[in-house]
Amino acid sequence: MAKKGDASRDMAIESRVLHIPPLQELADTIAGGLQDNYAESSCTVVDCPDLSKDPYGLAAPGLCGKTRLVDVGGVPYLCPVSQYMERVYDLENVSNQVNLPGCFILGAGAGSKHAVGVNCEMMPNIRCAGGQHERQNLVHISKVIPEDGSHVLEAYESQHNDITEFVLLANLFCSEGKLGKVLHVRAKCRKGDKDLVECMKGAIRKHYGPNRAVGMGGTFLVKQGSIKIHVMPDFSETPLTCDEEVTDWLKFYEVSAPFVCLSTFITEDLGLDLRVTHTHGYNKAGGTGGHYHTDVTPEEIEYVGYFVPAESVYRLDRPSLSNLIGRPESQGH
């Protein structure tokens, strides 16, 4: 078996500056897309509320300050064959690698099998060490219970020795965690066929076109209704060679509100082999968590969230051999 990788090893890092539209223009663009997909919706520019409080419970009060997206590793390290032994990363190291020590990080990724014991979904939510603020590790993971096929939510801080390690892949939004002007998104009663994130991304991409890449990060609450999520079970014993095999391998669940999601998306690949959307979330009280797909109760669904544009995107440890297996959201980009 391969030797476990060192999360602090030298890794290739690439970066690109992103287009940052005026916030009001961006709000109007998103509002138009939401209107096509939901019976009731809005997107406005507001002062960011304290998102460290309920119901969001983030590790920092705000989303603003030196905003950046970070795409670490990638699905090609998972499919067709998992490279979890070698592809080991650390959220604290990421903050240093993108020149933002002490930053706030949210997003979606693969938790560490080395620490948890099985493959799992990771919900990054952390104020890293190194800045003027106190470190706070609110990272959670969700894992499948093989005996009955259910899933359980666990905290890195209290149940896994306060680690910050992950493997294979992550899509992260990093910032100074400051309060400031943000986009307030509301959507209720879906009438179209898009999930919330794809609806927002599609509207922005249509407006700004392929030559002005816009990246976004933030959080949204499933306030009412139910959604579809998946949780990765332990790694497949056979290679996953197509989307259908990945779907058969994953475990899918229906979970109910309230459910806090941590989301990133970008409108263009920029030649970096990016995962263009990725959203994970959890309900800590209900003990559920995983990868967000869409709602399953369109007449009941209600979302409320806060987003900001990213100033840049960083690509960390890009796979040299790529494929689009297991990431249909990236196909066509």
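Summary table
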| quantity | calculated |
| --- | --- |
| Unmet criterion (only one of (1) more than 28 Å from residue 61 (Cα to Cα); (2) surrounded by fewer than 21 Cβ atoms within 10 Å (Cβ to Cβ); (3) at pLDDT 95 or above) for residue 240 | (2) |
| In the range 249-274, residue farthest from residue 19 (Cα to Cα) [restricted to those that are without any contact (Cβ under 8 Å) to a residue 60 or more places away in the chain and either touching a Leu at 6+ places or on another chain (Cβ under 9 Å) or assigned to a loop (DSSP other than H, G, I, E, B) (or both)] | 249 |
| Lone qualifier among 93, 99 - being in a loop (DSSP other than H, G, I, E, B) and of a type in the set (S, T, N, Q) | 99 |
| The range 88-112, residues that are touching a residue at least 12 places away in the same chain (Cβ under 8 Å) and surrounded by fewer than 24 Cβ atoms within 10 Å (Cβ to Cβ) | 88, 90, 92, 93, 96, 97, 98, 100, 101, 102 |
| Residues of the range 239-271 that turn out to be in contact with a strand residue (DSSP E or B) (Cβ under 8 Å, 6 or more places away or on another chain) and within 22 Å of residue 26 (Cβ to Cβ), as a count | 8 |
| First in the range 220-248 and under 30 Å from residue 40 (Cβ atoms) and touching a residue at least 24 places away in the same chain (Cβ under 8 Å), second anywhere and part of a loop (DSSP other than H, G, I, E, B) and polar (S, T, N, Q), Cβ under 9 Å, 6 or more apart | 224/297; 225/297; 226/297; 227/297 |
| Leading residue by the ranking (nearest to residue 231 (Cα to Cα)) among those in the range 275-294 that are touching a Lys or Arg at 6+ places or on another chain (Cβ under 7 Å) and part of a strand (DSSP E or B) | 293 |
| Residue list for the range 23-48, filter: hydroxyl-bearing (Ser, Thr, Tyr) and either over 14 Å from residue 204 (Cβ atoms) or touching a Phe, Trp or Tyr at 6+ places or on another chain (Cβ under 6 Å) (or both) | 38, 41, 42, 44 |
| Filtered residues of the range 62-90 (kept if part of a loop (DSSP other than H, G, I, E, B) and under 25 Å from residue 51 (Cα atoms)) | 62, 63, 65, 66, 67 |
| Condition broken by residue 298, with the remaining ones in (1) surrounded by fewer than 17 Cβ atoms within 10 Å (Cβ to Cβ); (2) closer than 20 Å to residue 328 by Cβ satisfied | (2) |
| Top-ranked residue of the range 1-26 - restricted to ones that are without any contact (Cβ under 8 Å) to a residue 40 or more places away in the chain and of a type outside the set (Asp, Glu), ranked as farthest from residue 90 (Cα to Cα) | 24 |
| Residue selected from the range 295-310 under the condition among the hydrophobic types (A, V, I, L, M, F, W, C) and assigned to a strand (DSSP E or B), by the criterion nearest to residue 40 (Cα to Cα) | 304 |
| Condition check for residue 320: among the small types (Gly, Ala, Ser) and in contact with a Lys or Arg (Cβ under 6 Å, 6 or more places away or on another chain) | no |
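Listed here are the residues, each with its yes/no results for (1) modelled with pLDDT under 95; (2) out of contact with any strand residue (DSSP E or B) (no Cβ under 7 Å at 6 or more places or on another chain); (3) among the small types (Gly, Ala, Ser).
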| position | (1), (2), (3) |
| --- | --- |
| 9 | yes, yes, no |
| 16 | no, no, no |
| 19 | no, yes, no |
| 23 | no, no, no |
| 27 | no, no, yes |
| 30 | no, no, no |
| 39 | no, no, yes |
| 42 | no, no, yes |
| 67 | no, no, no |
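The values are calculated or read from the model by the stated rules, or taken from the named source; none is laboratory data. Only a predicted model underlies this, so the values are computations on that prediction, with no experimental measurement involved. In this analysis, Cβ positions are derived from the backbone assuming ideal geometry, glycine residues included, and neighbour counts consider all displayed protein chains.
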